[in-house]
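One structure is given here, and the rest of the page talks about it.
The values are calculated or read from the model by the stated rules, or taken from the named source; none is laboratory data. Since the structure is predicted, the reported quantities are computational estimates derived from the model, not experimental observations. We place every Cβ from the backbone using ideal geometry, glycine too, and count neighbours over all the protein chains shown. Remember, those area values only see protein heavy atoms, side chains included, never the ligands or the DNA or RNA. Shrake-Rupley method; radii C 1.70, N 1.55, O 1.52, S 1.80 Å.
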Amino acid sequence: MIVTTEETREVITGNHAVSHGARLARAQVISAYPITPQTQVVELLSSFCEDGSLDAKFIQVESEHSAMAALVGASSVGARCFTATSAHGLALMHEMLHWAAGARLPIVMANINRAMGAPWSVWTDQNDSLSQRDTGWMQIYCESNQEVLDTVIQAYKTAERVALPAMLVLDAFVLSHTAEPVEIPSQEAVDDFLPPYEPDLRLSTEDPHSFSGLATPDTYMEFRYGIQKSMERALEEFQRVDDEFYEAFGRRYGLIEQYRTDGAELLLVTSSTITSTARVVIDELRDSGRHVGLLKIRLFRPFPGELLRSLVANAKKLAVIDRNIGFGVGGIFAQEIRAALYNHIQIPVFGFVAGLGGRDVRPSLIREVIEYAETHEEPEDLIWKGVKL
Amino acid sequence: MDENLVVPDAELLTPGHLGCQGCGAALAMRYVLKALGEKTIVVLPACCFSIIAGPFPYSALKIPLLHTAFETAAVTASGVRAGLDCQGDSETTVLAWAGDGGTFDIGLQALSGTAERNDNILYICYDNEAYMNTGVQRSSATPWGAWTTTTPHAKRKFKKDIMLIMAAHRIPYAATASVAYPEDLIAKVKTAKKTKGTRFIHLLAPCPPGWKISSEQTIKFARLAVQTRIFPLYEVEDGTRYRFHDISEPASVEEYLKAQGRFKNLSEEDFELIQEQVEERWAYLIGLAAMTGAGNG
Ligand SMILES: Cc1ncc(C[n+]2csc(CCOP(=O)(O)OP(=O)(O)O)c2C)c(N)n1
Ligand SMILES: [Mg+2]
């Protein structure tokens, strides 16, 4: 275990990067329930709590539903709260995800992307987190263990500024159980960056109020309007926090990252760790003179539609790889991208679905995706890649 | 004078609450808040009381109130407690206040978790013996023989024994209480307030529309339930030490059952069966208490 006041560079897994993020953010109340592939997150946090390197209450609940309910209680009195889960755990939390967002509680959670049963799977895909799209949680998809650690800290700062909860998302095994070198910032530097949580409103006997009581049709809609307005504000805040983070730590990720997009006619769009593989393919193709580039969507909620439009304005085609499937429609990122473009720009969007249930998405598959989009004129909504038929 | 017998004047539930006439739950909250005082935070899951407390932006309680989802009263209270603890506030009482449905049924898992961890909260289940908020559907707290909208003739399953379940968690304090015995109720709440760990009170609170009784009969039936030993008053410490409030000459269950509209489909044989059940259960409780070294209070 690594706990020091100095900045250090260590080789750690994505799960341990999550735990270090929560430790450095000084989470005060943690509540979680074990599920593969998230377990190491809570194991390390438990030992941080026990050995005193983190001064937090760890509520060892009997389910994920209760984990989120406990944090709703703790966050309501003004505690900084953290949890981590995956797949079935996230699905079980669903009711309380709505509750946390509706109650405007800036809880931060890590979700390790894992495919949903039936049939059972423990490997990565994004259907678990994307199924929570409309709960009012911000969602950030991470590509590396460094990004994971940094995103925990960024997520708190943004969430507390806009009073909405935030979920950072990382791929099962590909990140969660894979060790990479990670700069672990010093506690002092993180303390300077992230001030203690001081909510405007909190549940307190000093100033008694009722929270989340019945809202009639006469009052409910304004609560929803408020969430949407805060989501819109969160787009700017997230960018600002990323800039501040860069000043403090010298690393930034953006809301959407552009990779070798200069003069690109075809833009490949990815998220999470498929992006890392795609970078290799793009390098190869670029170096052989092909006009392709890469966009990595990091922030999914709020969706950076305007930014996306500005980044694709000069492209001729988009090819989106989705590691998820919206049954009856197609890939979910592709849907979101088409929706963001439709009223503004007409660019063909090819939607590819690949890598479900942790199936590898290899460079050869990505090359095929690019080739397909390059050689077809008519865009297709749903193209399956790597499925055994 | 015993400190526990003093009933404070302070009213922390305002008369503007939205309870029906004769609502046992509203009366119960009034007494309980008298005993707990202003340094109390209430956690409220979905139940009649989420309506009784008043819609946004109003509140019938003069203390802070956190509404939460139906099955989460206990664990949301655990979270509030943890949050207060990290601010160094050990003085405020965290009260989870849930109905029988939120306790015996959908909230049982979370309640069991809180009790197993012995989190420092007071959990009070006001038991009106059905899902009243949604229009009188049966719960596992609905007694054998009662009409509800989902047991249109009469329920033919016994009431779950929540007290024994809670005692089996070996929590420091569990007690039954009835709105017909306010001094006893207030004394128990004060005892609970002084105790650390998970404290549980099972509080009988009749519901006139749900029981099909008239609104001035709430106290009458809350008292008869105790006098018939259908709802005996007792306390359990650490899951082992029982203390009973003895009834020397119990009333017959018929008196309790016959006058309530919800039992109108019962026959003489049903009354006999219920009488037998009540006696059997009482003997079981006394036996259990004797085994674990109990005394009468
Ligand atoms: C998950 C969920 N299921 C169902 C409901 C609907 N519901 C709200 S209150 C209630 C019954 C409450 O019964 P009880 O706990 O006994 O309290 P009472 O209304 O009788 O006071 C039900 C079924 C809900 N709010 N949430
Ligand atoms: Mg009820």
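For the reader, a short list of remarks on this structure follows.
- Qualifying residue in segment B:255-269 (condition: closer than 23 Å to B:Ala289 by Cβ and free of Cβ contacts under 8 Å to residues at least 24 places away in the same chain): no
- Where B:Leu111 falls short, out of the listed (1) within 12 Å of another protein chain (Cβ to nearest Cβ); (2) part of a loop (DSSP other than H, G, I, E, B); (3) within 16 Å of ligand 2 (Cβ to nearest atom); (4) buried (at least 22 other Cβ atoms within 10 Å of the Cβ): (2)
Yes/no per residue for (1) buried (at least 22 other Cβ atoms within 10 Å of the Cβ); (2) within 16 Å of ligand 1 (Cβ to nearest atom); (3) in a loop (DSSP other than H, G, I, E, B):
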position	(1), (2), (3)
B:Ile51	no, yes, no
B:Phe70	no, yes, yes
B:Cys125	yes, yes, no
B:Glu129	yes, yes, yes
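- Residue-level analysis places B:Ala46 among those that are surrounded by 23 or more Cβ atoms within 10 Å (Cβ to Cβ), part of a loop (DSSP other than H, G, I, E, B) and of a type outside the set (D, E, K, R).
- Residue match in segment B:125-140 (condition: more than 13 Å from ligand 2 (Cβ to nearest atom) and free of Cβ contacts under 8 Å to residues at least 12 places away in the same chain): no
- Residues that are more than 9 Å from chain B (Cβ to nearest Cβ) and touching a Leu at 6+ places or on another chain (Cβ under 9 Å) within segment A:93-102 comprise A:Leu97, A:Ala100, A:Ala101, listed in sequence order.
- Hits in segment A:71-92 - residues which are within 11 Å of chain B (Cβ to nearest Cβ), touching a strand residue (DSSP E or B) at 6+ places or on another chain (Cβ under 7 Å) and hydrophobic (A, V, I, L, M, F, W, C): A:Leu71, A:Ala74, A:Ala79, A:Cys81
- All positions within segment B:155-184 that are surrounded by fewer than 20 Cβ atoms within 10 Å (Cβ to Cβ) and part of a loop (DSSP other than H, G, I, E, B): B:Arg156, B:Lys157, B:Phe158, B:Lys160, B:Asp161, B:Ala168, B:His169, B:Arg170, B:Pro172, B:Tyr181
- Segment B:3-25, residues that are open to solvent by less than 50 Å² (accessible area, probe 1.4 Å) and under 16 Å from B:Trp211 (Cα atoms): B:Gly19, B:Gly22, B:Cys23, B:Gly24, B:Ala25
- Strands (runs of 3 or more DSSP E) fully within segment A:105-212 that include at least 3 residues being touching a residue at least 24 places away in the same chain (Cβ under 8 Å) and open to solvent by less than 10 Å² (accessible area, probe 1.4 Å): A:108-113, A:138-141, A:166-171.
- Among the residues of segment B:74-95, those identified as more than 7 Å from chain A (Cβ to nearest Cβ) and in contact with a helix residue (DSSP H, G or I) (Cβ under 6 Å, 6 or more places away or on another chain) are B:Ala74, B:Thr93, B:Val94.
- Take the conditions (1) open to solvent by 10 Å² or more (accessible area, probe 1.4 Å); (2) touching a Leu at 6+ places or on another chain (Cβ under 7 Å); (3) under 21 Å from A:Asp134 (Cβ atoms); (4) hydrophobic (A, V, I, L, M, F, W, C); A:Phe303 misses just one of them, which is (2).
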